[in-house]
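Peer 1: Attaching a single structure in structure tokens format; questions to follow.
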Amino acid sequence: MAAKSINITLKIWRQKNANTKGALETYSLNEVSTDSSFLEMLDQLNEQLINDRKEPVAFDHDCREGICGMCSLYINGRAHGPETGTTTCQLHMRMFSDGDTIYVEPWRSRAFPIVKDLVVDRSAFDRIQQAGGFVSVNTSGNTMDANSLPIPKDDADKAFEAAACIGCGACVASCKNGSAMLFVGAKVSQYALLPQGKVEARDRVLNMVRQMDEEGFGNCTNTGACEIECPKGISLENIARMNREFLKAGLSSEK
Amino acid sequence: MSVLDSKIPTGPIAEKWTNHKNHMNLVAPNNRPKIDVIVVGTGLAGASAAASLGEMGYNVKAFCFQDSPRRAHSIAAQGGINAAKNYQNDGDSVYRLFYDTIKGGDYRAREANVHRLAEVSGNIIDQCVAQGVPFAREYGGLLDNRSFGGTQVQRTFYAAGQTGQQLLLGAYSALSRQIGLGRVKMYHRHEMMDLVKIDGKARGIIARNLVTGEIEKHAAHAVVIASGGYGNVYFLSTNAMGSNVSAAWKVHKRGAMFANPCFVQIHPTCVPVHGTNQSKLTLMSESLRNSGRIWVPKKKEDAAAIRAGQLKPTQIAEDDRDYFLERRYPAFGNLVPRDVASRAAKERCDAGHGIEANDTNEGVYLDFATEILSKGRQSAYALGDHNPTEEKMQELGKKWIEEKYGNLFQMYQKITDENPYETPMKIYPAVHYTMGGVWVDYNLQSTIPGCFVTGEANFSDHGANRLGASALMQGLADGYFVLPYTISDYLSNEIRTGKISTESPEFDEAAESVKASIEKILSNNGTHTVDHFHKRLGLIMWNKVGMGRNEKGLKEAIEEIGLLREEFHNNVYVPGTAEELNQELEKALRVADLIELGQLMAVDALQRKESCGGHFRDEYQDAEGETLRDDENFKFVAAWEYQGSDSTKSTLHKEDLKYEFIKIAARNYK
């Protein structure tokens, strides 16, 4: 389909830093190619703002091909915008029409404090990972041969599907409780499904859930918004599996 | 002796690494906590190094500019990772991986380094599986493999189209464990601004906290640079937006040589440029060339009609199509190596056969119609239908394609809004990987003692062209299995040094000069944005230091970039202040380094009067338009010494390449 140009109005959340109050500001942007990605549209806005000697909008992004998980944005009330299974960087302006008003806000969650404008601090996810999201194996040239541990294809595929999480935080932002259980459930599941993860399974789930609670994330009430908004289609089953792992750990735990 | 001592161990090639390891000095476990190491970058090379050094007991500080170490651009690698496991029993071996890599690199890589890479490749797979990386498996539960360009065996391990993601998250998990244990301190949203040298040795870095703008001093006994490649010098590339050369360039400015900067990999199958506001290019995996046929219209008027929207590709008759790779390279067809495929597409578009309606008409078709029909017929047979209708074959064929490449087809459709099941994909080459980088010896140490460089940031393993699925292998080999040994050998002399203090004139000088350069760029009050200059740099690079280079164009590029550098420093406008999150400032500081590097790339390309791998000089080709190497005069690594921001002043040092174990020969893919 041939590209066309559209004119849009943007309502963007501006906030100087974590300690100041923010507000929505209105901007008009003309001649946006429908072939542009949403972030390219923001680049265009920033060029305009800078040329007008105004401060550009800060937003997180890096790979722009839907895999690094750095981009975020709440667009018209939905994490990563109107298209399902899509990160903001892969959302294209052909999803919008001439004359549209588009609302752009940062992730909203107590555990993700705002750094500036649309940039939030997601280091809570890193700290959850540090609490147990690993297999304790040191680097050595002498680990056993990779094929000496056959793993049923089905288990490997399911572990891969869980491991496909990009850590963007859309699940948290979409959840009315600000819960991180889809993110944590995916990591717990990846290891719970693999024999390599079994040895530390109990400590892992207890430590990761403890850290998740300490970071101020809410609990899951099975609404399922996270699964719908997840750009990688991470399944709710992972939360169920984490809950089973957690219960099991609680029953056998001596700690 | 040359200033470049490669320190290649003596002895037979297969014993060099083992013997070298056996004779290196060690640091005893009780001494390691007294030693600090800085690692810059948390991709495969950096995260694996930081994790391994943390496990050993060193005090590690790791830095990344992203909001989390998990974002590094290794994550975007699609296809796979090579390893000489020979699980498929198809004749693979360490030697064969070694040989394929040297040949693929067009005989411009160092034999000893490449052999070591092949030796440790198997360990990488073992290590990753032990960490819980979910590689693709067969129904028997064992690991699956596929093949990639430039090889005749199946040695590529993969995790769907997300191998880089899974490997990086594996390294990130190992790094996270060390952070949790307190052995690695992580500095995210931090950018390295300079290297600090004391008495000639690397003793720390100056970093900028990207949230507060604070300029920080970090001291260490050794510094590891694992900051990736410099493809973003072209503005448009498959690299992440933040990928940059600055850490490597700062080290270069402090005295480390920069090797073979002109060796750039331009990947043949990427989604073409759509317009002037485009920010980056997206790769379509090399694996698609297994099923797709590449063509352009034979007649220029057909190409023009397609660009004008008057003709559709499906309306072009079979006889009016030019399957130019199959025509020129019957033996390898659509599966020639990346550099060869890219040049052939450019040649057709330059001749007026390009099909994309963008400014440059640059685009060719990657067509799956033949494969859809043939796989459709196969599937119908398997279902017992020996006389399938055209519709049935179409239906079953598309299903086969979807199973194999579904995610790529979906990604393509999202970007272009065209359905590649119904109409051929439009593709064009794009900048993807840089083989050049900081010069390192066999121990991965630069010409600055104590400054080590790993992964894409160094130059060492891929010669003039990297084979598919070898970048992931090198990143992890360096970080898990090479650096931990070689850096310990260096650090064994540091156990009596004691803590390095940041209270020194050297740290003060470096910090002050960083602050001054930031102040200068912010008070410039020029008239153009950073992107304005970056795009202009990219255009010069793409047109004159891109897929086809010649003396005239390179000389023009050198001059134009020199002028651009001056204009940038006089006329760039960067809003905001230094004491806050300022993304324009970050970009400006990176682009300043990219401009200097771009000029050096042109200087390097000009001196290399031969064609090899990704470096194609129009003047040096054979009668059929293939690369013409000059082994007599150019069988060397070009290592440049910094002499100021004008890269034409840089001085050239040569490391002669010796081929003792592989016979040097012309590459032939016909």
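Peer 1: Only residues that are under 18 Å from A:Ile50 (Cβ atoms), in contact (Cβ under 8 Å) with a residue 40 or more places away in the chain and among the hydrophobic types (A, V, I, L, M, F, W, C): list them for the stretch B:555-589, please. Steps first, answer last, please.
Peer 2: Here is the first cut: in the stretch B:555-589, the residues under 18 Å from A:Ile50 (Cβ atoms) are B:567-578, B:580-589.
Going one step further and asking which of them are in contact (Cβ under 8 Å) with a residue 40 or more places away in the chain, we end up with B:569-574, B:576-578, B:580-582, B:584-589.
Answer for the stretch B:555-589, where residues must be under 18 Å from A:Ile50 (Cβ atoms), in contact (Cβ under 8 Å) with a residue 40 or more places away in the chain and among the hydrophobic types (A, V, I, L, M, F, W, C): B:Val572, B:Val574, B:Ala578, B:Leu581, B:Leu585, B:Ala588, B:Leu589.
Peer 1: Out of all the residues in the stretch A:173-187, is one or more within 29 Å of B:Val120 (Cα to Cα) and either basic (Lys, Arg) or not assigned by TED's automatic domain parsing to the domain that holds A:Asn238 (or both)?
Peer 2: Yes, the conditions are met somewhere in the stretch A:173-187.
Peer 1: Let me ask something else about it. A:Met93 is checked against (1) buried (at least 17 other Cβ atoms within 10 Å of the Cβ); (2) among the aliphatic types (A, V, I, L, M); (3) farther than 30 Å from B:Cys270 by Cα and fails just one. What number does that condition carry?
Peer 2: Unmet for A:Met93, out of (1) buried (at least 17 other Cβ atoms within 10 Å of the Cβ); (2) among the aliphatic types (A, V, I, L, M); (3) farther than 30 Å from B:Cys270 by Cα: (3).
Peer 1: Consider the stretch A:132-148. How many of its residues are surrounded by 16 or more Cβ atoms within 10 Å (Cβ to Cβ), more than 7 Å from chain B (Cβ to nearest Cβ) and in a loop (DSSP other than H, G, I, E, B)?
Peer 2: Matching residues across the stretch A:132-148 total 0.
Peer 1: Name the pairs whose Cβ atoms lie under 8 Å apart, with the first residue in the stretch A:78-89 and in contact (Cβ under 8 Å) with a residue 12 or more places away in the chain and hydroxyl-bearing (Ser, Thr, Tyr), the second outside any loop (DSSP other than H, G, I, E, B) and crowded, with 24+ Cβ neighbours inside 10 Å, and 6 or more positions between them or separate chains?
Peer 2: A:Thr88/A:Phe38
Peer 1: Quick one: would you say B:Ala248 is under 21 Å from the mean Cα position of the chain (by Cα), on the phi < 0 side of the Ramachandran plot, assigned to a helix (DSSP H, G or I) and at pLDDT 95 or above?
Peer 2: So B:Ala248 passes the test.
Peer 1: Looking at B:Val27 and the list (1) touching a Lys or Arg at 6+ places or on another chain (Cβ under 7 Å); (2) buried (at least 20 other Cβ atoms within 10 Å of the Cβ); (3) not polar (S, T, N, Q), which single condition is not satisfied?
Peer 2: That leaves (1) as the condition not met.
Peer 1: If you go through the stretch B:92-104 one residue at a time, do you hit one that is of a type in the set (Gly, Ala, Ser), out of contact with any helix residue (DSSP H, G or I) (no Cβ under 8 Å at 6 or more places or on another chain) and at pLDDT 95 or above?
Peer 2: Checked against the condition, which is being of a type in the set (Gly, Ala, Ser), out of contact with any helix residue (DSSP H, G or I) (no Cβ under 8 Å at 6 or more places or on another chain) and at pLDDT 95 or above, the stretch B:92-104 yields at least one hit.
Peer 1: Output the residues belonging to the stretch A:194-249 that are of a type outside the set (S, T, N, Q), assigned to a loop (DSSP other than H, G, I, E, B) and either assigned by TED's automatic domain parsing to the domain that holds A:Glu83 or closer than 25 Å to A:Thr84 by Cβ (or both).
Peer 2: Result: A:Phe217, A:Cys220, A:Gly224, A:Cys230, A:Pro231, A:Lys232, A:Gly233, A:Ile234, A:Leu236.
Peer 1: Has the stretch B:120-140 got at least one residue that is of a type outside the set (Phe, Trp, Tyr), over 30 Å from A:Leu194 (Cα atoms) and outside any helix (DSSP H, G or I)?
Peer 2: No, that holds for no residue.
Peer 1: Restricting attention to the stretch B:449-506, report how many residues are in a helix (DSSP H, G or I) and either at negative phi or charged (D, E, K, R) (or both).
Peer 2: Here the count works out to 28.
Peer 1: Separate question: What are the pairs, 6+ residues apart or on separate chains, where a residue within the stretch B:443-456 that is under 17 Å from B:Trp17 (Cα atoms) has its Cβ under 6 Å from a residue that is polar (S, T, N, Q) and buried (at least 24 other Cβ atoms within 10 Å of the Cβ)?
Peer 2: Final answer for the pair search is B:Leu444/B:Thr454.
Peer 1: Oh, and also: From B:Arg177, B:Arg108, which residue is charged (D, E, K, R), within 12 Å of chain A (Cβ to nearest Cβ), touching a helix residue (DSSP H, G or I) at 6+ places or on another chain (Cβ under 9 Å) and crowded, with 24+ Cβ neighbours inside 10 Å?
Peer 2: B:Arg177
Peer 1: Of the residues A:Asn207, A:Asn177, which is in contact with a Ser or Thr (Cβ under 8 Å, 6 or more places away or on another chain) and either of a type in the set (S, T, N, Q) or within 11 Å of chain B (Cβ to nearest Cβ) (or both)?
Peer 2: Among A:Asn207, A:Asn177, only A:Asn177 is in contact with a Ser or Thr (Cβ under 8 Å, 6 or more places away or on another chain) and either of a type in the set (S, T, N, Q) or within 11 Å of chain B (Cβ to nearest Cβ) (or both).
Peer 1: Here is a further query. Find all pairs meeting these conditions: Cβ atoms under 6 angstrom apart; at least six residues apart or on different chains; first residue within the stretch B:83-104 and away from every other protein chain (no Cβ under 12 Å); second residue of a type in the set (D, E, K, R).
Peer 2: The qualifying pairs are B:Ala84/B:Asp92; B:Asp92/B:Arg155; B:Val94/B:Glu119.
Peer 1: Among the residues of the stretch A:6-54, which ones are touching a residue at least 60 places away in the same chain (Cβ under 8 Å) and exposed (fewer than 14 other Cβ atoms within 10 Å of the Cβ)?
Peer 2: A:Asn7, A:Thr9, A:Ala18, A:Leu24
Peer 1: When the residues of the stretch B:291-303 are filtered to those that are without any contact (Cβ under 8 Å) to a residue 40 or more places away in the chain and part of a helix (DSSP H, G or I), which remaining residue is nearest to the other protein chains (Cβ to nearest Cβ)?
Peer 2: Checked the stretch B:291-303; the qualifying residue nearest to the other protein chains (Cβ to nearest Cβ) is B:Asp302.
Peer 1: When you go through (1) free of Cβ contacts under 8 Å to residues at least 40 places away in the same chain; (2) at the interface with chain B (Cβ under 8 Å from one of its Cβ atoms) one by one for A:Ile75, which number turns out not to apply?
Peer 2: Failed condition: (2).
Peer 1: Going by the structure shown, is A:Lys153 facing another protein chain (nearest Cβ under 9 Å) and modelled with pLDDT under 95?
Peer 2: yes
Peer 1: Looking at (1) touching a residue at least 60 places away in the same chain (Cβ under 8 Å); (2) within 26 Å of B:Val27 (Cα to Cα); (3) surrounded by fewer than 24 Cβ atoms within 10 Å (Cβ to Cβ); (4) not aliphatic (A, V, I, L, M), can you tell me which one B:Gly161 breaks?
Peer 2: Only one criterion in (1) touching a residue at least 60 places away in the same chain (Cβ under 8 Å); (2) within 26 Å of B:Val27 (Cα to Cα); (3) surrounded by fewer than 24 Cβ atoms within 10 Å (Cβ to Cβ); (4) not aliphatic (A, V, I, L, M) is unmet by B:Gly161, namely (2).
Peer 1: While we're on this one: Within the stretch B:305-315, how many residues turn out to be under 15 Å from B:Val364 (Cβ atoms), without any contact (Cβ under 8 Å) to a residue 60 or more places away in the chain and either in contact with a helix residue (DSSP H, G or I) (Cβ under 6 Å, 6 or more places away or on another chain) or of a type outside the set (Val, Ile, Thr) (or both)? First the steps, then the outcome.
Peer 2: Of the stretch B:305-315, the ones under 15 Å from B:Val364 (Cβ atoms) are B:306-307, B:313.
Subsequent filtering for residues that are without any contact (Cβ under 8 Å) to a residue 60 or more places away in the chain retains B:306-307.
Still in the running and either in contact with a helix residue (DSSP H, G or I) (Cβ under 6 Å, 6 or more places away or on another chain) or of a type outside the set (Val, Ile, Thr) (or both): B:307.
The number of residues fulfilling the criteria is 1.
Peer 1: Which residues, taken from the stretch B:121-132, are touching a Phe, Trp or Tyr at 6+ places or on another chain (Cβ under 9 Å) and more than 7 Å from every other protein chain (Cβ to nearest Cβ)?
Peer 2: Matches in the stretch B:121-132: B:Ile124, B:Cys128.
Peer 1: For the stretch B:139-167, how many residues meet the condition of being under 22 Å from B:Glu286 (Cα atoms) and at the interface with chain A (Cβ under 7 Å from one of its Cβ atoms)? So that I can check it myself, show each step before the final result.
Peer 2: Initial filter on the stretch B:139-167 (under 22 Å from B:Glu286 (Cα atoms)): B:143-167.
Now restrict to residues that are at the interface with chain A (Cβ under 7 Å from one of its Cβ atoms): B:143, B:159-160, B:162, B:165-166.
The qualifying residues number 6.
Peer 1: Continuing with the same structure: Find the residue count for the stretch A:78-105, including only residues that are closer than 23 Å to B:Gln66 by Cα and either of a type in the set (Ser, Thr, Tyr) or away from every other protein chain (no Cβ under 13 Å) (or both).
Peer 2: Here the count works out to 6.
The values are calculated or read from the model by the stated rules, or taken from the named source; none is laboratory data. In this text the structure is predicted, and so the values were computed from the model without any measurement. Using ideal geometry, Cβ is built from the backbone for each residue, glycine included, and neighbour counts are taken over all protein chains shown.
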